[in-house]
Amino acid sequence: MGIAKFLAFPVVFAMFWACGEVEGGFDVSSSSGSQNCTGKNCLSSSSNASSSSSFDIGLDWVPAPENSHVHGEVEITLDDYYISKNLITQKQYKTVMGKNPSKGELKDTLPIEGVSWFMAVEFCKKLSRLMGLDSNAIKLPTEAEWEFVVIPGLIQKNTDYWEWTNDCWDERFPYEPNNPSGPPNCLPYQEKVRKGFASKIEDRYATDPSLEDISMSHISFRVVRKKKFLD
């Protein structure tokens, strides 16, 4: 890697350590100043977590009921959650972030693209805050959550785009059969799992989280929300 990129790692790591990460094996603090938490326990402990504001960007939430699916020879069990039916659009991204970084055709209804993993996580956190929720209420889907809804066609998969997941890359998948979220001690600058594009469903790729495009192909994302934050 280049020297400039290497020197940037501590800065990026410090930024995400301070503001909190969506999932992983390190401590996370919500924007409301609640106590640190680890991994799946981070979806909690905010005075605003059970109520949302009127801020709405028009996400079409699809329910993914508590169930299981098989990846290879492993049966994966997931708690229920909601996932955005479509990729985040350019208009939705601009409404939240105030800009449209897309490098291809600029059109409100097209999926946002040209976004790094860090930019996608920042979007999730800011949207959570704007909706009056815990800063980790809305996040990128884990690899297991993504596969669970794509395989039976519960969401609208756009075959022209790759999609970010929340998980750090590891050759082993799943790490555990119940609600897997990638390897433990996942840090922001580690390679992330990239899914989607064309007819690739179970294929998985290790991806530098700072990349905004892959070999002239666009990367986009969708978001998930636990049932507790919709009730």
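General remarks:
- Cross-chain or 6+ apart pairs with Cβ under 6 Å, region 52-75 first and at pLDDT 85 or above, then in a strand (DSSP E or B) and among the hydroxyl-bearing types (Ser, Thr, Tyr): Leu59/Ser84; Trp61/Tyr82; Pro63/Tyr82; Ala64/Tyr81; Ser68/Thr77; Glu75/Ser68
- Note on region 141-155: residues that are surrounded by 17 or more Cβ atoms within 10 Å (Cβ to Cβ) and small (Gly, Ala, Ser) amount to 1.
- Members of region 102-124 found to be out of contact with any Pro (no Cβ under 9 Å at 6 or more places or on another chain), more than 18 Å from Ser217 (Cα to Cα) and of a type in the set (A, V, I, L, M, F, W, C), listed by number: Phe123, Cys124
- Matching residues in region 91-134 - criterion: being of a type in the set (Ser, Thr, Tyr), surrounded by fewer than 23 Cβ atoms within 10 Å (Cβ to Cβ) and part of a helix (DSSP H, G or I): Thr95
- There is no residue in region 194-205 that is within 19 Å of Leu87 (Cβ to Cβ), out of contact with any His (no Cβ under 8 Å at 6 or more places or on another chain), buried (at least 22 other Cβ atoms within 10 Å of the Cβ) and β-branched (Val, Ile, Thr).
- Test: residue in region 156-171 that is surrounded by 17 or more Cβ atoms within 10 Å (Cβ to Cβ), at positive phi and in a loop (DSSP other than H, G, I, E, B): no
The values are calculated or read from the model by the stated rules, or taken from the named source; none is laboratory data. Note that the coordinates shown come from a computational prediction; the quantities given were computed from them, not determined experimentally. For neighbour counting, all protein chains shown are included, and Cβ atoms are generated from backbone atoms with ideal geometry for every residue, glycine included.
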